[in-house]
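Report on one structure; see the data block that follows.
The values are calculated or read from the model by the stated rules, or taken from the named source; none is laboratory data. Since this is a predicted model, take the numbers as computed values, not measurements. In this analysis, Cβ positions are derived from the backbone assuming ideal geometry, glycine residues included, and neighbour counts consider all displayed protein chains.
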Amino acid sequence: MSTDVVHGPSPQFHCPLASGAPYRMTLEGHYTQVDDWTAAGVTSCEWQSQRPEKRQAELLGMRTAFIDWFLLKWVEHGGTFEGGVAQLAEYPFENHRHRTQGNA
């Protein structure tokens, strides 16, 4: 699965788009009163397909777009590319394994 990533309010993609509504998600974040903690989550998600395998493709596309955007913004705000990649690589994935058990 490859993704043509273009950011902005009216992206001009390089690949011709298929008919149908777009798929999307909205993220929201907040500062907290606890040092070194923020609160964030996906507040809405609109799928284009009802088929699980197509939804997995939609998730991969959104993942790729977010990682691309994250790295661009990390560098734009004073970080290095390597530092941004390290932030992604250091994500504690194992802390979330229990939330996915039984959803294989």
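If you go through the stretch 45-65 and keep only what is of a type in the set (A, V, I, L, M, F, W, C), surrounded by 14 or more Cβ atoms within 10 Å (Cβ to Cβ) and farther than 12 Å from residue 22 by Cα, you end up with 57, 59, 65. Of the helices (runs of 4 or more DSSP H) lying entirely inside the stretch 45-104, the ones with 2 or more residues being over 22 Å from residue 11 (Cβ atoms), hydrophobic (A, V, I, L, M, F, W, C) and within 15 Å of the chain's Cα centre (by Cα) are found at 81-89. Of the residues that sit in the stretch 10-42 and are within 15 Å of residue 66 (Cα to Cα) and of a type outside the set (A, V, I, L, M), which one is surrounded by the most Cβ atoms within 10 Å (Cβ to Cβ)? That would be 23. Taken together, 76, 90 contain a single residue that is at pLDDT below 95 and not hydrophobic (A, V, I, L, M, F, W, C), which is 90. Whether any residue in the stretch 3-24 is part of a strand (DSSP E or B) and either out of contact with any helix residue (DSSP H, G or I) (no Cβ under 6 Å at 6 or more places or on another chain) or basic (Lys, Arg) (or both) is what I want to check. There is at least one residue in the stretch 3-24 that is part of a strand (DSSP E or B) and either out of contact with any helix residue (DSSP H, G or I) (no Cβ under 6 Å at 6 or more places or on another chain) or basic (Lys, Arg) (or both).
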